[in-house]
Amino acid sequence: MFTLIKNVKLVGSESPGFKDLLLSGPRIAAVERPGQVKIEGLEVKTIEGSELTAVPGLIDPHVHILGGGGEGGPATRAPELRLEDSLSCGVTTVIGCLGTDSVTRHPSSLLAKARALEIEGLSTWIYTGAYNLPTPTLTGSVRSDIALIDKVIGAGEIAISDHRSSQPTFEEFLRLVAECRVGGMLGGKAGVAHFHLGNGQRGLEYFFRMLEESELPATQVIATHANRNRHLFSQALEWIRRGGLIDLTCGPEPTDPDEVSVAEALKEIKSLGLPLTRVTVSSDANGSLPVFDEQGQLVALTVASQKDFIRNFREVVREKILTLEEAVAVFSTNAADFYRLPGKGKLLPGYEADLLLLDDSLELKYVFSRGRMMVEERQLKVRSTFVI
Ligand code: ZN
């Protein structure tokens, strides 16, 4: 099956500008000057792209695909992600993770869920492990999970500086990162240790100590929720200066004045002249958003959604905080590079045909995931296996 998108403005390619884009099966077959692609004798679906902009499908590197939560008892276990939740928000690739609950949720069910979403039409990878250290695995070690299981690209989300963490010592932290590094080397993967940062004053202390006291490089770890409070975000800026990467979590508009919104964070990173290539954004979707009182008691609960992911993507462009090119990097390409997701995050020949066709208001007119048209003329065309 071929799809030819004619005369579309390309962003996220090494040859931006107006191009014809040919999709063949799950891949991008050609990116050429308008009128250069000629196909005869084969059935081709043609889309006129002159009013549209093509960008790579968004990549969300932190999603509780199996549902997170559970911090308020069994009734607070969050629901699983559905295919429609992602595709309707322009997300074509997710990295799934467990969270606080490694008692009733397991890496094996996370892997099965990732495979299910992949069959349904998303591209998926997972982190092995959960909040606690030692962390649960599929094969008995983080190292062999990463080395042997295709979908496992690292460990996460491991909690530090949080009252829900297992209060890991620095040595436990370091050992986990080392396991990820060697597992990544053996498996030919990124082997990233993806850390959940809580509100604890220690913040990124272990990250900085890792640079001082070990041979492990800054790029072996990533700090997620780096914008959750001003103190942590200041440390995160320093972490970028030292060559590290951070992940910003986009939730609903912050109500806590100490929280730094994704828009504010990106504005600040850019104004300080720090490289946007060291920043990703994620949704934390289907994780619970617990609200605790001063005694650490749960007082309210809500669920994160990828609607906030695409809302933030649009907002930073509309408010001219980032150019569309920069936003594509932060919401797609950087995650593909950092987690080494093959064939993802760019619109180039040979890459996977994950792309969004946006109108002038950055609304989704078409969504393709591995060459399949998932949204056509603003209508979602596919459904999960189970109709609910
Ligand atoms: Zn988290």
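Report summary: the helix-based calculation at 222 nm, which adds -39500 (n - 2.57) for every DSSP H run with n ≥ 4 and divides by the residues of the chain, gives -7500 deg cm²/dmol.
Normalised size of region 193-276, defined as Cα radius of gyration per 2.2 N^0.38 Å with N residues, equals 1.05. Taken one residue at a time, the phi angles of region 150-165 give Karplus couplings (6.51, -1.76, 1.60, θ = phi - 60°) of 3, 6, 8, 10, x, 10, x, 7, 8, 8, 9, 6, 8, 5, 8, 6 Hz. Gly and Pro are set to x.
Which of the three applies to region 1-109, rounded, prolate or oblate, going by the alpha-carbon gyration tensor with a ≥ b ≥ c and a/c under 1.5 meaning rounded? Taking the square roots of the gyration eigenvalues as a ≥ b ≥ c, region 1-109 is prolate. How many angstrom separate the Cα center of region 350-388 from the Cα center of region 189-226? One Cα centre to the other: 35 Å.
Placing one equal scatterer on every Cα of region 120-247 and applying the Debye formula, the log10 ratio I(q)/I(0) at q = 0.22 Å⁻¹ is -1.29.
Comparing PRO342, ILE222, HIS64 along the charge dipole axis of the chain, the residue lying farthest to the positive side is PRO342, per the Cβ-charge model. Phi-derived couplings, Karplus 6.51 cos²θ - 1.76 cosθ + 1.60 at θ = phi - 60°, listed residue by residue for region 88-99: 5, 10, x, 8, 10, 9, 10, 10, x, 9, 8, x Hz, with x used for Gly and Pro.
For region 1-159, give the magnitude of the charge dipole about the Cα centre (Cβ charges: +1 Lys/Arg, -1 Asp/Glu; no others), in debye to the nearest 20.
Numbers: 14 positive and 18 negative charges, 40 e Å.
The calculated dipole for region 1-159 is roughly 200 debye.
What size of dipole, in debye to the nearest 20, comes out for the chain about its Cα centre when the only charges are +1 on Lys and Arg C-beta atoms and -1 on Asp and Glu C-beta atoms?
Values: 41 positive and 50 negative charges, 181 e Å.
For the chain, the charge dipole is close to 860 debye.
Basic side chains Lys and Arg get +1 at the Cβ, acidic Asp and Glu get -1 at the Cβ, and with that the dipole of region 21-98 about its Cα centre reaches some 180 debye. Non-local lysine pairs in region 58-338, meaning eight or more places apart or on different chains, with alpha-carbon distances under 22 Å, amount to 8. Taking the Kirkwood radius as Rh and the Cα radius of gyration as Rg, region 58-338 has a ratio of Rg/Rh equal to 0.93.
Laboratory data are not the source of any read-out in this text; all were calculated from the coordinates shown. Here the structure is a predicted model, which means the values were calculated and not measured. As a convention, Cβ positions derive from the backbone with ideal geometry for all residues, glycine included, and neighbour counts pool all protein chains shown.
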